[in-house]
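Have a look at the structure below, then the notes.
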Amino acid sequence: MDLKQEILKILEENRGESISGTKLAKELYVTRSAVWKAIKSLQKEGYQITAVTNKGYCLAPYNDIVSAESISPYLKGRAKTFLLDVHHTITSTNTVAKERAGQGAPEGTVVVAREQTEGRGRMGRSFYSPNGSGIYFSIILRPKLSIEDSLKITTAAAVAVARAIDTLAGVEAKIKWVNDIFVHDKKVCGILTEASLNFENGGLEYAVVGIGINISTQDFPKEIEAIAGSIFSQKPGDTPISSVLVAEVLNNIAEAMDSLTDCKYLEEYRRRSFLLGKNILVIKGGQTIPAKAITIDDNARLVVEYDDHTREALSSGEVSIRPQ
């Protein structure tokens, strides 16, 4: 960790409070001049740091630039051991995380970006990932699960995100099977889980869970503006909401990591689902088939009943609510 990161870490841990240059210099074994230069560099990067004579340097409570140092103070329990790799701009957090996973990166490695230039969603779709109004991150997991159970990872992640949104935004987040989070009938989050199979034991070698959340995005492309939404109309001005949101989701995922097989979260997933009991369209094999969403089974599959009264448990595919 270089001097600038060390100073930022201290300022983040004391956000809203003044820390004297003398104290920083003494604690980090450097000169006050070196501290001043590091502060100036951080200010040029956009950090809202004030300098007050006889008081010192203070990071504004509302500063919302995401960094490993800004996320770490909000991590709890097992999530405190996660390794944070934060970027301003990246092609795709999932792409980079998969590369790291293939190179042996440990479970709990998290790739975070303020912007993606090649953000990806399910079915090969792109994921709109502008700078400043959303947050995008991927976590490497190494669960002891079979490929058949891999759907449980996405459902657990969906509950983790929904809980975080409930806590921070004070709204009830709903889930559209299998991986979309909705607030006020608008999609505010997409989740993409990609896994690698261990051919020796038939289990997963690793899974990468990518999460993109629209915090205050407004200028959506025309093709998605009718369905896409944000958690807030504008970012709260009194909190580093992006960093707190990432940390809250990671805390929830860390808590769920030990209960993937016993499916403790599935009841909540069912409660949050807005598909159950609805007439839907199942899209598979190039066909659109009318059906009714019956339940989510214990393997996180969507159980549907077709018009001929036959039932099927879907582990993949696309569904939408049938127009009335």
In the list N214, N198, N179, which residue meets the criterion of being in contact with an Asp or Glu (Cβ under 6 Å, 6 or more places away or on another chain) and either over 19 Å from E267 (Cα atoms) or not small (G, A, S) (or both)? N198
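Quick check on segment 199-213. Is at least one of its residues surrounded by 12 or more Cβ atoms within 10 Å (Cβ to Cβ), within 17 Å of the chain's Cα centre (by Cα) and farther than 22 Å from P106 by Cβ? Walk me through how you get there before you give the answer.
The initial filter retains those residues of segment 199-213 that are surrounded by 12 or more Cβ atoms within 10 Å (Cβ to Cβ), namely 203-213.
Still in the running and within 17 Å of the chain's Cα centre (by Cα): 207-213.
Subsequent filtering for residues that are farther than 22 Å from P106 by Cβ retains 212-213.
Yes, segment 199-213 has at least one match.
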Meets criteria (touching a Lys or Arg at 6+ places or on another chain (Cβ under 7 Å), part of a helix (DSSP H, G or I) and without any contact (Cβ under 8 Å) to a residue 60 or more places away in the chain) for A25: yes
For segment 91-109, state whether one or more residues are in contact (Cβ under 8 Å) with a residue 12 or more places away in the chain, in contact with a helix residue (DSSP H, G or I) (Cβ under 7 Å, 6 or more places away or on another chain), of a type in the set (A, V, I, L, M) and under 23 Å from N214 (Cβ atoms). no
Q234 fails exactly one of (1) within 28 Å of R142 (Cα to Cα); (2) surrounded by fewer than 16 Cβ atoms within 10 Å (Cβ to Cβ); (3) modelled with pLDDT under 95, namely (1)
Given the criteria without any contact (Cβ under 8 Å) to a residue 12 or more places away in the chain and of a type in the set (S, T, N, Q), does Q43 qualify? yes
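Conditions (1) over 29 Å from the mean Cα position of the chain (by Cα); (2) over 30 Å from G190 (Cβ atoms); (3) in a strand (DSSP E or B), marked per residue:
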residue	(1), (2), (3)
V30	yes, yes, no
Q43	no, yes, no
R78	no, no, no
R100	no, no, no
V112	no, no, yes
For segment 225-270, which positions are without any contact (Cβ under 8 Å) to a residue 60 or more places away in the chain and of a type in the set (D, E)? E225, D258, D262, E267
Can you say whether K186 is surrounded by fewer than 20 Cβ atoms within 10 Å (Cβ to Cβ), of a type outside the set (G, A, S), under 18 Å from T295 (Cβ atoms) and out of contact with any helix residue (DSSP H, G or I) (no Cβ under 6 Å at 6 or more places or on another chain), as far as the supplied structure shows? no
Whichever residue in segment 45-56 is more than 12 Å from I7 (Cα to Cα) and not in a loop (DSSP other than H, G, I, E, B) and, among such residues, is nearest to the chain's Cα centre (by Cα): T50
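The values are calculated or read from the model by the stated rules, or taken from the named source; none is laboratory data. Small disclaimer: the values here were computed from a predicted structure and weren't measured. Glycine also receives a Cβ, built like all others from the backbone with ideal geometry; neighbour counts cover every protein chain displayed.
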